[in-house]
Amino acid sequence: MKRNVYMAVALLAAGLVSCQKEPGFKVEGEVSGAADKMLYLEQSGLEGIVPLDSVELDNSGTFRFSQARPMSPEYYRLRIDDKVINFSVDSTETVTFKADYPNFATAYQVEGSENNTKIKELVLLQADLQANVDRLSQSGLPAGDIQDSLMTLVNAYKDQVKHNYIFKGPNMTYAYFALFQTLNGYMIFDPLTNREDIKCFAAVATSLNNQYPHADRSRNLYNMVIKGMKNTRKPQTKEMELPEGVVKEASIIDIPLMDIQGNVRHLTDLKGKVVLIDFTAYSTPTSGAHNLALREIYTKYAAQGLEIYQVSLDANEHFWKTAADNLPWICVRDPQGSYSTYVNLYGVTQLPTAFLVNRNNELSVRVDEKTNLEEAIKSLL
């Protein structure tokens, strides 16, 4: 009899345990002026946005979502129409938001998390940067001045975020969030070709890997850092074997690559023209201003014999073809990216990097920040 009682008690206890919910986090608050609007809770995963829950708001605007606690810090967002609030969760906390519909994405209040207060600060800083860039692009200034000003804005932003957010708290979720902010759809911090930016990724990767070594985000960030370090390491001094037929002239190394129509274009076929060789990547945030400056120069001097041979190192072929489709000069792509033989042969260490070739196929100028590009082109024409 006692045995049966013990078994019954054990089964009852097991049933009670199985009915208990796993600990989770809560997101709650209110949104004014959004009656009859749908509010969505979404996860910002490594593979994209994942819908989790939704509610139709009433006149009070109150809402409450509950989700299982993530095994490691995760990123989520609240969305109404195209207005988004980004936030992170790393425990079973309750995060409270108050917002009004017109200014939902920027003027909200958040409680219950230092990380999410910092994420809001970063969102506002990025919004201010984007507004300044938009004003600059509409200023009517010469393209070269726009590019210089854009670089100044971006570098100032990066310095501020590096010191006040990334290096100050590399173990915090807001530091990870800062790494992946974008400008005009492109990442502000470059994890693959910029050595200083890679240091930022490495600082966060180290902290994240120490705390959550098995998390997908830890492994992903670690792999990005390793790839970036390989891309930017100084090449070893050794004799390099050139592909057969690359050197067609004593003074220039040919670059035979396919253009967007699939035709192989040879740099050495342009003998008789002044050629600007431009190594670039359209996926960088400054690419638009850079190409705008080149277009201004090309429009002025193409009829006099200038040609641009632009080598893209973009990883995404479709993105490259789309970005290069309306450019009037020769656009080719090296699918090897930063591992390109031609990057090594020409000593390219940063993007963009440009060279000028005279009409005799002789390499004449390596363009740097001190070069007056237009004057250098005119002297060769």
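Here is how the numbers come out for the structure above:
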item: Residue that is modelled with the lowest pLDDT [pool: residues in the stretch 345-366 that are among the aliphatic types (A, V, I, L, M) and surrounded by fewer than 18 Cβ atoms within 10 Å (Cβ to Cβ)]; result: Leu345
item: Count - residues of the stretch 279-312 that are touching a residue at least 60 places away in the same chain (Cβ under 8 Å), of a type in the set (A, V, I, L, M, F, W, C) and either open to solvent by 20 Å² or more (accessible area, probe 1.4 Å) or on the phi > 0 side of the Ramachandran plot (or both); result: 2
item: Qualifying residue in the stretch 46-57 (condition: surrounded by 15 or more Cβ atoms within 10 Å (Cβ to Cβ), at pLDDT 95 or above, among the β-branched types (Val, Ile, Thr) and over 24 Å from the mean Cα position of the chain (by Cα)); result: no
item: Qualifying positions in the stretch 144-168 - open to solvent by less than 60 Å² (accessible area, probe 1.4 Å) and outside any helix (DSSP H, G or I); result: none
item: Pick from the stretch 225-279, criterion in a loop (DSSP other than H, G, I, E, B) and closer than 30 Å to Val204 by Cβ, ranking: modelled with the highest pLDDT; result: Arg233
item: Qualifying positions in the stretch 324-341 - under 13 Å from Thr280 (Cβ atoms), modelled with pLDDT under 85 and open to solvent by 20 Å² or more (accessible area, probe 1.4 Å); result: Ser338
item: Cβ-Cβ under 7 Å pairs, at least 6 apart or on other chains, the stretch 160-181 side more than 20 Å from Pro285 (Cβ to Cβ), far side open to solvent by 20 Å² or more (accessible area, probe 1.4 Å) and in a loop (DSSP other than H, G, I, E, B); result: Thr173/Asp90
item: Filtered residues of the stretch 122-143 (kept if open to solvent by 50 Å² or more (accessible area, probe 1.4 Å) and either in a strand (DSSP E or B) or in contact (Cβ under 8 Å) with a residue 40 or more places away in the chain (or both)); result: Ser137, Pro142
item: Single unsatisfied condition, Val9 versus (1) at pLDDT below 50; (2) among the aliphatic types (A, V, I, L, M); (3) in contact with a Leu (Cβ under 7 Å, 6 or more places away or on another chain); result: (3)
item: Neighbours by Cβ (under 7 Å, 6+ apart or cross-chain): first from the stretch 254-276, closer than 18 Å to Ser340 by Cα; second in a helix (DSSP H, G or I) and among the aromatic types (Phe, Trp, Tyr); result: Ile255/Tyr342
item: Extreme residue, most open to solvent (accessible area, probe 1.4 Å), among residues of the stretch 169-217 that are part of a loop (DSSP other than H, G, I, E, B) and over 26 Å from Leu150 (Cα atoms); result: His214
item: Of the criteria (1) out of contact with any helix residue (DSSP H, G or I) (no Cβ under 9 Å at 6 or more places or on another chain); (2) assigned to a helix (DSSP H, G or I); (3) of a type in the set (A, V, I, L, M, F, W, C); (4) surrounded by 15 or more Cβ atoms within 10 Å (Cβ to Cβ), which one Ala99 fails; result: (2)
item: Condition met for Gln67 (outside any helix (DSSP H, G or I) and open to solvent by less than 60 Å² (accessible area, probe 1.4 Å)); result: yes
item: Considering residues of the stretch 22-38 that are touching a Ser or Thr at 6+ places or on another chain (Cβ under 9 Å) and loosely packed, with under 13 Cβ neighbours inside 10 Å only, the residue modelled with the lowest pLDDT; result: Pro23
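Table: residues versus (1) touching a Gly at 6+ places or on another chain (Cβ under 6 Å); (2) free of Cβ contacts under 8 Å to residues at least 12 places away in the same chain; (3) assigned to a strand (DSSP E or B); (4) over 15 Å from Asn291 (Cβ atoms).
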residue: Ala315; (1), (2), (3), (4): yes, no, no, yes
residue: Phe319; (1), (2), (3), (4): no, no, no, no
residue: Thr322; (1), (2), (3), (4): no, yes, no, no
residue: Asn326; (1), (2), (3), (4): no, yes, no, no
residue: Gln350; (1), (2), (3), (4): no, no, no, yes
residue: Ala354; (1), (2), (3), (4): no, no, yes, no
residue: Thr371; (1), (2), (3), (4): no, yes, no, yes
residue: Ile377; (1), (2), (3), (4): no, no, no, yes
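The values are calculated or read from the model by the stated rules, or taken from the named source; none is laboratory data. Since the model is a prediction, treat every value here as computed from it, not as a measurement. In this analysis, Cβ positions are derived from the backbone assuming ideal geometry, glycine residues included, and neighbour counts consider all displayed protein chains. Ligands, DNA and RNA are excluded from the accessible area calculation, which covers all protein heavy atoms including side chains. Shrake-Rupley method; radii C 1.70, N 1.55, O 1.52, S 1.80 Å.
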